[in-house]
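The values are calculated or read from the model by the stated rules, or taken from the named source; none is laboratory data. From a predicted model like this one, the values you see are computed outputs, not experimental measurements. Quick reminder, even Gly has a Cβ in these numbers, built from the backbone with ideal geometry, and neighbours come from all protein chains shown. The protein model used for the area step is the full one, side chains on, heavy atoms only, and it has no ligands, DNA or RNA in it. Shrake-Rupley method; radii C 1.70, N 1.55, O 1.52, S 1.80 Å.
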Amino acid sequence: IDPSSWSLLAEIMQRAREECPTIMIVVSSRNSPTITSAAASLRRNAVQVKLTPFEKSETEQYLRFLLQIEDAQVIIDQRLVDVVHDRANGCPLFIESVARWAHEKNLIEFVEGSKKMTLKMLDERSDDVTVAIPRELSNILLAPFNHLSPPLWDALKIASCIGYSFDSDLYRAL
């Protein structure tokens with residue numbers, strides 16, 4: 001979190017004490033946040049919760065939720081759990097993205113006789129179900145943008161490089 005964000009949080013907390021004594025602010029950061037001196041008072045009441053990647057069993061639990069499997073008799077093929085966990089590195093957001101992508105591509109199927117959710121075999125000659133889901137997560141995350149026209153795709157690429165806010169003249173120049 002950058003220093004100006006910490007200063008903003010400190011200001012919000014100061015005003016909250018006066019106007020709204022019961023408030024909870026959640027701050028998310030990829031790295032352990034370095035609290036600036038302007039916001040040092042926040043540390044006194046802060047609780048840090050370190051979120052770690054899901055274990056495979058948690059990935060399986062989350063897949064059950066995402067795939068809306070309520071019947072305890074239905075199992076998820078271990079190969080499906082393994083490939084989703086591997087591609088997502090245990091990150092819940094990426095687990096959801098991989099599962100949604102595979103579901104939209106009709107790659108996940110329910111085998112009635114065995115009461116099992118599994119990945120469809122794309123190549124009947126191979127036993128490797130992992131080829132069904134791209135190894136590169138970017139292919140899955142960027143899939144929704146594949147239908148965009150080339151000018152719109154170019155505009156998104158430029159916008160991703162120049163930041164959250166920019167002058168329209170800068171965009172036109174690019």
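Summary of computed values
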{"quantity": "5 angstrom amide H check on F54, placed H, neighbours 5+ away", "calculated": "C91"}
{"quantity": "Which of K116, K50, K157 is most accessible, then next, and so on - probe 1.4 Å", "calculated": "K50, K157, K116"}
{"quantity": "Radius 13 Å from Cβ of Q73, net charge of other residues (Lys, Arg +1; Asp, Glu -1)", "calculated": "0"}
{"quantity": "Label-point separation, S37 to L152 (7 Å along Cα→Cβ), nm", "calculated": "5.0 nm"}
{"quantity": "Protection proxy ranking of 79-87, 104-112, 145-153 - average other beta-carbon atoms within 10 Å, highest first", "calculated": "79-87, 104-112, 145-153"}
{"quantity": "Label point 7 Å beyond Cα of F110 along Cβ direction - residues of the stretch 74-88 with amide nitrogen under 13 Å", "calculated": "74-76"}
{"quantity": "Order of exposure, largest accessible area first, which applies to T36, T118 with probe 1.4 Å", "calculated": "T36, T118"}
